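Contents: one structure, followed by commentary.
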Amino acid sequence: MRGGFTLLEVLIASIILGVGLMSIIVSMTQAQQMMISSTYLETAQEVMDFGDMAYPLSDVQDPEKDLDVRETKATELWEKFAGNERLSSGQYEKYRTYTWEREALNRNDEDEIKRLGGLYTVRVTVRWGDRRRGNGEEESYVTFWRKPAQ
């Protein structure tokens with residue numbers, strides 16, 4: 001009898017090896033997508049911080065006028081709080097598609113505000129990507145704001 005592998009054994013080993021390699025390739029692709037996504041979310045967090053520095057809630061006196069902030073480009077936010085310090089071309093490219101917006105969700109609902117003890121529900125939203133092509137993404141958080149005592 002000759003020693004060696006039969007054709008069936010080689011076929012089974014090839015299938016096992018193929019499945020193993022395929023799972024490694026799939027997991028690498030998913031890891032790469034996760035890294036790209038985390039980069040976008042990290043930049044979105046930076047833009048949220050820009051907005052909080054450019055339009056701090058502590059400066060709001062009148063919720064009818066100051067609480068809502070229209071959608072603003074991240075580069076404009078930078079200019080508002082950084083003054084004369086300009087973005088580098090790399091930073092500009094990084095932030096150019098990002099926008100920041102703040103809105104009071106319950107500003108017109110006096111019963112809701114009273115139920116919450118005078119708290120306004122405020123949502124901050126950061127958007128990025130090309131929304132016209134359906135590639136837009138957004139991240140938001142909700143916080144509370146109380147009108148300062150006068």
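The values are calculated or read from the model by the stated rules, or taken from the named source; none is laboratory data. On a predicted model such as this, the values are computed, not experimentally measured, just so you know. Here Cβ is always computed from backbone atoms with ideal geometry, including for glycine, and neighbour counts include all displayed protein chains.
Screening the candidates 18, 3 for the property of being of a type outside the set (A, V, I, L, M), at pLDDT 95 or above and either on the phi < 0 side of the Ramachandran plot or under 37 Å from the mean Cα position of the chain (by Cα) (or both) yields one hit, 18.
Sort out which residues of the stretch 103-150 are more than 22 Å from residue 71 (Cα to Cα) and charged (D, E, K, R), and write them in order of number. Write out each step before concluding.
Looking only at the stretch 103-150, we keep the residues that are more than 22 Å from residue 71 (Cα to Cα), and these are 109-119, 146-150.
Once the filter is applied, which keeps residues that are more than 22 Å from residue 71 (Cα to Cα) and charged (D, E, K, R), the stretch 103-150 yields 109, 110, 111, 112, 114, 115, 146, 147.
With respect to the conditions (1) surrounded by 15 or more Cβ atoms within 10 Å (Cβ to Cβ); (2) closer than 19 Å to residue 128 by Cα; (3) out of contact with any helix residue (DSSP H, G or I) (no Cβ under 8 Å at 6 or more places or on another chain), residue 34 falls short on a single one, namely (1).
Considering 77, 11, 57, 17, the condition of being more than 18 Å from residue 97 (Cα to Cα), of a type in the set (A, V, I, L, M, F, W, C), surrounded by 10 or more Cβ atoms within 10 Å (Cβ to Cβ) and touching a strand residue (DSSP E or B) at 6+ places or on another chain (Cβ under 8 Å) is satisfied by 57 alone. Tally up the residues in the stretch 46-77 that are over 18 Å from residue 141 (Cα atoms), modelled with pLDDT under 90 and part of a helix (DSSP H, G or I), please. Here the count works out to 1. Restricting attention to the stretch 82-110, the residues being closer than 22 Å to residue 135 by Cβ, part of a loop (DSSP other than H, G, I, E, B) and not charged (D, E, K, R) number 2. Scanning the stretch 37-54 for residues that are surrounded by 11 or more Cβ atoms within 10 Å (Cβ to Cβ), small (Gly, Ala, Ser) and over 14 Å from residue 95 (Cβ atoms) yields one hit, 37.
Every listed requirement among (1) acidic (Asp, Glu); (2) closer than 17 Å to residue 123 by Cβ; (3) over 18 Å from the mean Cα position of the chain (by Cα) is met by residue 85 save one, (2). Taken over the stretch 116-145, the criterion of being modelled with pLDDT of 90 or more and either farther than 22 Å from residue 76 by Cα or assigned to a loop (DSSP other than H, G, I, E, B) (or both) is satisfied by 119, 120, 121, 142, 143, 144, 145. From the set of residues in the stretch 93-130 that are in contact with an Asp or Glu (Cβ under 6 Å, 6 or more places away or on another chain) and among the β-branched types (Val, Ile, Thr), which is surrounded by the fewest Cβ atoms within 10 Å (Cβ to Cβ)? Across the stretch 93-130, the extreme among qualifying residues is 125.
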